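Presented below is the structure to which this report refers.
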Amino acid sequence: MPPLLNNFRGLRLSLSAISETNSIPVNGRGLIAVHVDQPEMFVGMAQMFLPDLSGLTLTPGEAPVRLPASLIPIPDIVAFAALSSDAIGLSIGDGEEAGLPAYLAKDAGPAGTFLSVGYDVATHVEYTQKLEKQYTSTLGESPDTDPEQEALLQSIDDISTAAQQALKSFSDRSYTTLRFTPEGFEVNSRMTFR
């Protein structure tokens, strides 16, 4: 098996913002941590496959290092990488690198955890609203629209919009953790509020 598969222990992702144009991400803010037994080996493997990483020097516990722009597929995105003793991390967005060392220092979670995701609920709602608007705009209007049905659909849309606005106003972050236990597969989800 490739060393990466034997070395991998879990992934944590925390998104604070994402924006897109025509369904293509153009900006974002967040942190990613890949927990591994030997993060230096992970970096060494990446440097073999990506020559632009060959000059990148990452040392566990040292300050985050900016990634070359040539490695970022999205223009104008700033990304930094850092190592801890058991994780490699990436920050996306200008200024996010300041929180990367603390993010890497967090406990990887209970034994068996292989994925942990956290996101800002308001940002998620805004993103899904944009996607919904893009989808409905591609459908266009039906030429045989019944006025009563149109009024009913508008009422449903108004209620949905009000519910989404309420959720954005009182929700903070959502967290989900997936892990294997002796009893089987476990999914834990929780939400914090303002």
Query raised in the report: Which order do 132, 96, 183 fall in if you start with the one that has the fewest other Cβ atoms within 10 Å?
Result: 183, 132, 96
Report task. Using label points projected 7 Å from each Cα along Cα→Cβ, tell me how many nm separate residue 115 and residue 62, to one decimal. Result -> 3.3
Query - Computed over the chain: relative contact order in percent, which uses C-alpha pairs under 8 Å that are six or more apart - result: 20
Query raised in the report: So which DSSP H runs in the chain come out at 30 Å plus along the axis (Cα) with average Kyte-Doolittle of at least -0.5?
Result: 147-170
Report task. Report the full-extension gain for the segment residue 50 to residue 131: residue separation times 0.36 nm, less the Cα-Cα distance, to one decimal in nm. Result -> 25.8 nm
Requested in this report: Let me know the Rg and Dmax you get for the chain when you use only its Cα atoms, in Å.
Outcome: 20.9, 66
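Each reported figure results from applying straightforward, stated rules to the coordinates on display, with no laboratory input. Here the structure is a predicted model, which is why all the values come from computation and not from measurement. Ideal geometry is used to build each Cβ from the backbone, glycine not excepted, and the neighbour counts take in all protein chains shown.
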